[in-house]
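Report on the structure given below.
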Amino acid sequence: EATSVAAEVGASSPLIASPTPTAVWQGGVLLRGVAMTEEDQQTPSLLTSYLPKFVCAAVVFYAVLGWINSRAAAAKAKTKKEEEEEIPYPPPFNDKQDMTVEELAKFDGSDLKKPLLLCCNGVIYDVGEGKDYYGKGGPYSFLAGRDGTVSLGKMSFDRKYVGVRDRSELSSDEMAVVLEWESKYQAKYPVVGKLLD
């Protein structure tokens, strides 16, 4: 049973200050507080008002972001597949032939109808089967149609070493690396001929 004590404390009590105070006995305990007016009860807080909107906006944002990412991934996969289909293997170099630097440069992969050649340690190889490495867009495409001896020995992508014919640029350790590359080329690719001085 709750009994109001507003009358007992008097109109001058702090409990009677605006907004409307309450002080009730309930279960033998005096409870004090401020009663909410009907207007207060009907006015939602900012958090209550905007939280559903924020949640909705976040859901929409992540849904759109996921859709964009999936489309981008699909487009990238499609582009890669098209590139693989569009770049055929170059024709083989059927005849054995020694070449000059100028002649070798004609087989740099820019013309897909021509064989793909490179030189390592004075020997020219048909690397058409390795078009993914030496062909257009490949990581070693800069070696195609060139003497790559010094570049391979130094394991360098620096273009200043491509086409260098002076082996004195190489240390004994770097020359050993060249011989390793030469062994790999001999095992994997057909020999076309020698690079003429």
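The values are calculated or read from the model by the stated rules, or taken from the named source; none is laboratory data. Keep in mind that what you see is a predicted model, and the values were worked out from it rather than measured. A quick note on method: Cβ atoms are made from the backbone with ideal geometry, for glycine too, and the neighbour counts reach across all protein chains shown. For the accessible areas, the whole protein counts, side chains as well, though only heavy atoms, and no ligand, DNA or RNA atoms are used. Shrake-Rupley method; radii C 1.70, N 1.55, O 1.52, S 1.80 Å.
List of remarks:
- Members of the range 157-167 that are open to solvent by 90 Å² or more (accessible area, probe 1.4 Å) and farther than 18 Å from residue 138 by Cβ: 160
- Residue 175 being over 25 Å from residue 112 (Cα atoms) and outside any loop (DSSP other than H, G, I, E, B): yes
- Selection count, the range 91-136, where residues are of a type in the set (D, E, K, R), touching a helix residue (DSSP H, G or I) at 6+ places or on another chain (Cβ under 9 Å) and under 19 Å from residue 196 (Cα atoms): 2
- Enumeration of residues in the range 125-180 that are of a type in the set (Val, Ile, Thr), touching a residue at least 40 places away in the same chain (Cβ under 8 Å) and farther than 20 Å from residue 105 by Cα: 178
- If you go through the range 115-134 and keep only what is open to solvent by 10 Å² or more (accessible area, probe 1.4 Å) and not in a helix (DSSP H, G or I), you end up with 115, 121, 122, 123, 126.
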